[in-house]
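Visitor: I have a structure here, written as structure tokens, and I will follow up with some questions on it.
The values are calculated or read from the model by the stated rules, or taken from the named source; none is laboratory data. Note that this is a predicted model, so its numbers are computed, not measured. All Cβ positions, even for glycine, are placed from backbone atoms using ideal geometry, and neighbour counts span all protein chains on display. In case anyone asks, the SASA skips ligands and DNA or RNA and just uses the protein heavy atoms, side chains included. Shrake-Rupley method; radii C 1.70, N 1.55, O 1.52, S 1.80 Å.
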Amino acid sequence: MDRDLLKQQLKYTLEGTDFDDQGELYRGKVRDNYVNEDTITMVTTDRISAFDRVLGTVPFKGQALVELADWWFGETADIVANHVMRRPHPNVWTVRRCDPIQVEMVVRGYITGVTSTSAWTAYEKGDRNFCGNELPDGMRKNEKLPEPIITPSTKAVQGEHDESVTPSELYKRGVVDPALFKELSRISMRLYERGVSRAADKGLIFVDTKYEFGLVDGELIVIDEIHTPDSSRYWIESDYEDRFQQGVNQRMLDKENIRQWLIEKNFSGEGKPPALSDDIRTLLAKKYIELFEKLTGNTFVPSTGNVKDRISKNLASQGIM
């Protein structure tokens, strides 16, 4: 992606929407969701969040997320259905409204991370039982686990943080029952294995990811997004081993880049976050677009200019009101 084009788009990034003809607005960290009786118009903005804080915007981020999630939904349709009905704009889905299951199914193939819910954070503190998974002594950051593990977390409400929990704690809280959790785990592991396989074909390591699910008339579907750089970690495979042996960070094509940048600025969730520089905003855009192109083999065609105006016109022209 041309650096000048990324810089030009900085002033047009989609920070948010305020349509009054799309339904009741629920604003998440990244998406503006317009809720109707049976559908949701889901607008993926260019907002970037880390450590449960919205920090600013990244050029073309929303489009890149939707483009890649669309591709992955196609690659995993034989495993589980998803919520997407149509795509009226590069940043927008119309999705089926469902009853969301209030747990994030996190699948990890490596021990890593810097957030409070990461496996490595717990491991460094001496915890060898993470969400019901027994971990061996002597592991190092970014090391491959003996086998992938599932570490569920609660979905944070506004002002709170996600919380990694054991399945038994989910049962105790009434979030899911054992039978449903078993099915969620089975599907999540199959999706993760598909992610590992497809990424390996492109010279990438699919490190970990999270899935969200819902129920529509009793049918289990995957919702939100899937295998994007916001919800997953991707490393470059070719120099993984050398960098692991040296104890340095892996080359990443995901949101972990912004977390590392924030940590270097002495921010890890507490206090006032630093303002995002144009350099880090454009760097992250390049990483997201590079990941899309590596995985799909397609050239990213950006929707430039005023994204908000174009979304409004597209929705009106297609009668989505």
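Visitor: Counting only protein heavy atoms and using a 1.4 Å probe, what share of the accessible area of the chain belongs to carbon plus sulfur, as a whole percent?
Guide: 44
Visitor: List the pairs from Lys11/Lys144; Lys265/Lys287; Lys172/Lys272; Lys11/Lys141; Lys182/Lys287; Lys125/Lys210 whose alpha-carbon separation is above 29 Å, in the order I gave them.
Guide: Working: Lys11/Lys144 41 Å; Lys265/Lys287 20 Å; Lys172/Lys272 36 Å; Lys11/Lys141 38 Å; Lys182/Lys287 35 Å; Lys125/Lys210 23 Å.
Listed pairs above 29 Å: Lys11/Lys144; Lys172/Lys272; Lys11/Lys141; Lys182/Lys287.
Visitor: Still on this structure: Once you have a ≥ b ≥ c as the square roots of the Cα gyration tensor eigenvalues for region 188-321, tell me rounded if a/c is under 1.5, and otherwise prolate or oblate according to whether a/b is larger than b/c. Intermediate results must be reported in sequence, preceding the final value.
Guide: Numbers: a/c = 1.64, a/b = 1.22, b/c = 1.34.
Oblate, because a/c is 1.5 or more while a/b does not exceed b/c.
Visitor: With just the Cα atoms defining each centre, how far is region 248-321 from region 95-172? Give it in Å.
Guide: Between the Cα centres of region 248-321 and region 95-172 lies a distance of 24 Å.
Visitor: Hey, what do the phi angles of region 41-53 turn into as Karplus ³J(HN,Hα) couplings, whole Hz, using 6.51/-1.76/1.60 and θ = phi - 60°, x for Gly and Pro?
Guide: My calculation for region 41-53 gives 8, 9, 9, 8, 7, 9, 5, 10, 10, 7, 6, 6, 10 Hz in order.
Visitor: Remind me, relative contact order of the chain in percent, using alpha carbon pairs under 8 angstrom and six or more residues apart? Write down the numbers at each step before the final one.
Guide: On the way: 546 pairs, mean separation 68.7, N = 321.
Dividing the mean separation by the residue count of the chain yields 21 percent.
Visitor: Here's another thing I want to ask about it. In whole Hz, with x marking every Gly and Pro, tabulate ³J(HN,Hα) for region 92-108 from phi via Karplus 6.51 cos²θ - 1.76 cosθ + 1.60, θ = phi - 60°.
Guide: Coupling constants for region 92-108: 10, 10, 9, 10, 6, 6, 9, 8, x, 8, 7, 8, 9, 8, 9, 10, 10 Hz.
Visitor: Under 20 Å from a point placed 7 Å out from the Cα of Asp52 along the Cα-to-Cβ direction: which residues of region 7-30 have their backbone N that close?
Guide: Backbone N within reach: 27-30.
Visitor: Right, here's the next one. Taking amide H positions as placed 1.01 Å from N in the peptide plane, with prolines and chain starts having none, which residues 5 or more places from Ile101, or on another chain, fall under 5 Å of its amide H?
Guide: Excluding prolines and chain starts, which carry no amide H, the hits are Phe213, Gly214, Leu215.
Visitor: Under the rule of at least 5 residues apart or a separate chain, name every residue whose amide H is placed under 5 Å from the amide H of Ala81.
Guide: Result for Ala81 returns Val222.
Visitor: Moving on to the next point. Taking the Cα centroid of region 190-224 and of region 47-74, what is the distance between the two, rounded to the nearest whole Å?
Guide: Using only Cα atoms, the two centres lie 16 Å from each other.
Visitor: For the chain, rounded, prolate or oblate, judged on the Cα gyration tensor with a ≥ b ≥ c (square roots of eigenvalues), a/c < 1.5 rounded, else prolate if a/b > b/c?
Guide: Numbers: a/c = 1.58, a/b = 1.19, b/c = 1.33.
It is oblate, given that a/c is not under 1.5 and a/b is not larger than b/c.
Visitor: For the chain, give me the percentage of DSSP beta bridges that are antiparallel, rounded to the nearest 5 percent. Write out the running numbers ahead of the final one.
Guide: Numbers: 48 of 50 bridges.
Taking every DSSP beta bridge within the chain, about 95 percent pair in antiparallel fashion.
Visitor: Could you derive backbone 3J(HN,Hα) for region 241-250 from the dihedral phi with the Karplus parameters 6.51, -1.76 and 1.60 (θ = phi - 60°), listing whole Hz in sequence and x where the residue is Gly or Pro?
Guide: Whole-Hz 3J(HN,Hα) from phi for region 241-250: 5, 4, 5, 5, 5, 7, x, 10, 4, 6.
Visitor: List the residues whose amide H sits under 5 Å from the amide H of Phe130, counting only those 5 or more places along or on another chain, with H placed 1.01 Å from N in the peptide plane.
Guide: Leu135
Visitor: Normalised by the number of residues in region 57-116, what is the relative contact order in percent for Cα pairs under 8 Å and 6+ residues apart? List each step's numbers first, then the result.
Guide: Values: 25 pairs, mean separation 14.1, N = 60.
Taking the mean separation of contacting Cα pairs over the length of region 57-116, I get 24 percent.
Visitor: Could you tell me whether region 252-321 comes out rounded, prolate or oblate from its Cα gyration tensor? Rule is a ≥ b ≥ c as square roots of the eigenvalues, rounded for a/c under 1.5, then prolate if a/b exceeds b/c, otherwise oblate.
Guide: Oblate is the answer for region 252-321, as a/c is 1.5 or above yet b/c matches or exceeds a/b.
Visitor: Aspartates and glutamates near Lys313 by alpha-carbon distance under 16 Å, same-chain residues fewer than 8 away left out - which ones?
Guide: In chain and number order, the partners are Asp18, Asp20, Asp21.
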